[in-house]
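Right, one structure below, let's go through it.
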Amino acid sequence: TVALGEHRTQAVAVNEGKWTATLPAMPASGPMTLSVKGNNQLTVNDVLIGDVWLASGQSNMELTLARAEPRYPEVVAKANNRYIRQFEVPDRYHFKGPKDDLDGGAWQPATTEHIRQFSAVGYFFAQKLYQEQED
């Protein structure tokens, strides 16, 4: 059983233990709790529903706010938006095809504790979108 907010659905695992559950489309909201129950139980707190944008590139996307801080000190000092988050995919190389699981990584909010590790381009893009959606 998978539950998110008021929505619940069921899934059945195949022989390899893989399963898929689909919840209905929901408006931007949160934070919510995601609960997955089977032979064991997993709970994930502080889940947000909304847009997810992928920022992809090389050095242009890897430039962090820590490196841009001398130019934008007020941005780093005032960062406090728990609705803007970043998930940085760790560099891992696997040349034998796609993998089913990701080794590491975590969603981090745009707060003073984490903002220096954010992609500068990604953060400014997210901040602009957030401000436009709030209007």
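The values are calculated or read from the model by the stated rules, or taken from the named source; none is laboratory data. The model shown is predicted, which means the values in this text are computed figures rather than measured ones. When we count neighbours, we look across all protein chains shown, and the Cβ atoms used for this are built from the backbone with ideal geometry, even at glycine. Just so you know, the surface numbers come from the protein's heavy atoms only, side chains and all, with ligands and any DNA or RNA stripped out. Shrake-Rupley method; radii C 1.70, N 1.55, O 1.52, S 1.80 Å.
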Task: Sequence-separation-based contact order of segment 6-80, relative, with Cα cut under 8 Å and 6+ spacing, percent - done: 18
Task: Once the Cα gyration tensor of the chain is diagonalised, semi-axes √(5λ) in Å - done: 32, 21, 13
- [ ] Just the number, please: carbon plus sulfur as a percent of the accessible area of the chain, 1.4 Å probe, no ligands or DNA/RNA counted.
- [x] 51
TODO: Leaving ligands, DNA and RNA out of it, work out the accessible area of Leu42 with a 1.4 Å probe and give it in Å² to the nearest 10.
DONE: 100
Task: FRET E, pair Gln108, Trp19, Förster distance 35 Å, beta-carbon r, rounded to 0.05 - done: 0.80
Open item on the list: What distance in nm lies between label points placed 7 Å from Cα along the C-beta direction at Asn45 and Ala11?
Closed with: 2.3
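Using a 1.4 angstrom probe, figure out how much accessible area segment 16-65 has per residue, in square angstrom, rounded to the nearest whole.
79
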Open item on the list: For the chain, what does the helix formula give at 222 nm: sum of -39500 (n - 2.57) over DSSP H segments with n ≥ 4, over the residue count, nearest 500 deg cm²/dmol?
Closed with: -5500 deg cm²/dmol
Task: Of Asp100, Asp46, Asp91, the one that fluctuates the most in a GNM where the chain has Cα springs shorter than 10 Å - done: Asp100
Open item on the list: For Lys18, give me every one of the aspartates and glutamates with a C-alpha distance below 17 angstrom, ignoring sequence neighbours fewer than eight places off in its own chain.
Closed with: Asp100, Asp101
